[in-house]
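Notes for the one structure printed next.
The values are calculated or read from the model by the stated rules, or taken from the named source; none is laboratory data. Since this is a predicted model, take the numbers as computed values, not measurements. All Cβ positions, glycine included, derive from the backbone under ideal geometry; neighbour counts span all protein chains shown.
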Amino acid sequence: MCASNEETERVTTSHTNVGDAQVPAKMAIPELLDMKRQGTRIAMVTAYDAAGARLAEAAGMDVVLVGDSAAMVVLGHDSTIPVTMDEMLFMTRSVSRAVRHCLVVGDMPFGAYQVSDADAVRNAIRFVKEAGADTVKLEGAGRMLPRVRAIVESGIPVMGHIGLTPQSVTALGGYKAQGRTATKARKLVEDALALQEAGCYSIVLEAVPTPVAARITAALTIPTIGIGAGPACDGQVLVYHDLLGLTEGHTARFVKRYADLATVIREALAAFVADVRSGAYPEERHTYGMPADELATFEAGFDGDPSA
């Protein structure tokens, strides 16, 4: 999977012209592996539509994950479980249309890969062929290892995900940090190595104690992407709505809010409501006119009766 120095140099320096601007070439998996070797941190964020994806790419993100977190932050569910393949494909298509550089990862929803290798491969192919994803992500190790192998053998790169796996939150006893005993921590290390052996090109570590994530990161040749897993990971990811302060109420300990857009948006919408109520909007500059002779002809057709 690793690129030669010559290949890596070609990947990292090539650009595509878009209009008058130069856009870096599509992020390649060998480039992510090279970033780990060089100690360059990988930035990943979730996105669920074209607007969010464009902003993420313009900000310099390396990877955009179309996460099943959409079930909660976009669709209003209480967990990630209800989101469907069709809903995930719809959102992934929107994102993949909007980006030219970022690696686009489609998050396989609950039920899309648990039943059989054949189901897993079929749905992974849908993410790539129908939705334009570059890779897919799935949760868990253990009995999911054959799924990873099957998808990778079909030609589709796979990002793994261990630690707190939201699709298994009931079995895990809630949204809690994982690997906090020596036995469970060693199991996470074993799972990470097994996922690497199965063919994963990267692994998300969610809600894992910092020393455990550091041990996993050091043990792997593939990058780790942390979310609540400390600073030793090769990269970090946050949910778009959490990062921007669009999520209100309780958020996980690992969330850092870089903006308070919920307040900004609420105030802007309230100002619009007030202007509509008072008649302050629209002003003349927001309206369209017509030539005087055309207006006269138009009005004359009513013979003085505006209801005619």
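Of a type in the set (D, E, K, R), touching a strand residue (DSSP E or B) at 6+ places or on another chain (Cβ under 7 Å) and either surrounded by 14 or more Cβ atoms within 10 Å (Cβ to Cβ) or under 30 Å from G39 (Cβ atoms) (or both), is that true of D242? Criteria not met by D242. Taking (1) without any contact (Cβ under 8 Å) to a residue 12 or more places away in the chain; (2) of a type in the set (D, E); (3) under 21 Å from I225 (Cα atoms) in turn, D78 satisfies each apart from (3).
Among the residues making up segment 86-109, a single one is farther than 26 Å from A25 by Cα and surrounded by 20 or more Cβ atoms within 10 Å (Cβ to Cβ): P109. Among the listed residues G142, G179, G163, G155, identify the single one that is surrounded by fewer than 24 Cβ atoms within 10 Å (Cβ to Cβ), in the same structural domain as D49 (by TED's automatic domain parsing) and within 29 Å of D78 (Cβ to Cβ). The match here is G142. Hey, any hits in segment 64-71 for a residue that's surrounded by fewer than 17 Cβ atoms within 10 Å (Cβ to Cβ) and modelled with pLDDT of 95 or more? No, segment 64-71 has no match at all. Taken over segment 235-253, residues that are part of a loop (DSSP other than H, G, I, E, B) and under 17 Å from the mean Cα position of the chain (by Cα) amount to 5. Using the structure shown, decide if R257 is farther than 23 Å from V136 by Cβ and in a helix (DSSP H, G or I). No: the conditions fail for R257.
Looking across I227, I222, I203, I265, one residue alone is surrounded by 10 or more Cβ atoms within 10 Å (Cβ to Cβ), without any contact (Cβ under 8 Å) to a residue 40 or more places away in the chain and in contact with a strand residue (DSSP E or B) (Cβ under 9 Å, 6 or more places away or on another chain). It is I227. Can you find a residue that is under 15 Å from the mean Cα position of the chain (by Cα) and within 25 Å of V45 (Cβ to Cβ) anywhere in segment 171-184? No, that holds for no residue.
When you go through (1) of a type in the set (S, T, Y); (2) modelled with pLDDT of 60 or more; (3) not in a loop (DSSP other than H, G, I, E, B) one by one for T40, which number turns out not to apply? If we test T40 against (1) of a type in the set (S, T, Y); (2) modelled with pLDDT of 60 or more; (3) not in a loop (DSSP other than H, G, I, E, B), just (3) comes out false.
Of the residues making up segment 129-138, those that are farther than 14 Å from Y201 by Cα and either buried (at least 21 other Cβ atoms within 10 Å of the Cβ) or free of Cβ contacts under 8 Å to residues at least 24 places away in the same chain (or both) are K129, A131, A133.
Of the helices (runs of 4 or more DSSP H) that lie entirely inside segment 97-215, those containing 2 or more residues that are under 19 Å from C233 (Cβ atoms) and in contact with a helix residue (DSSP H, G or I) (Cβ under 7 Å, 6 or more places away or on another chain) span 182-198.
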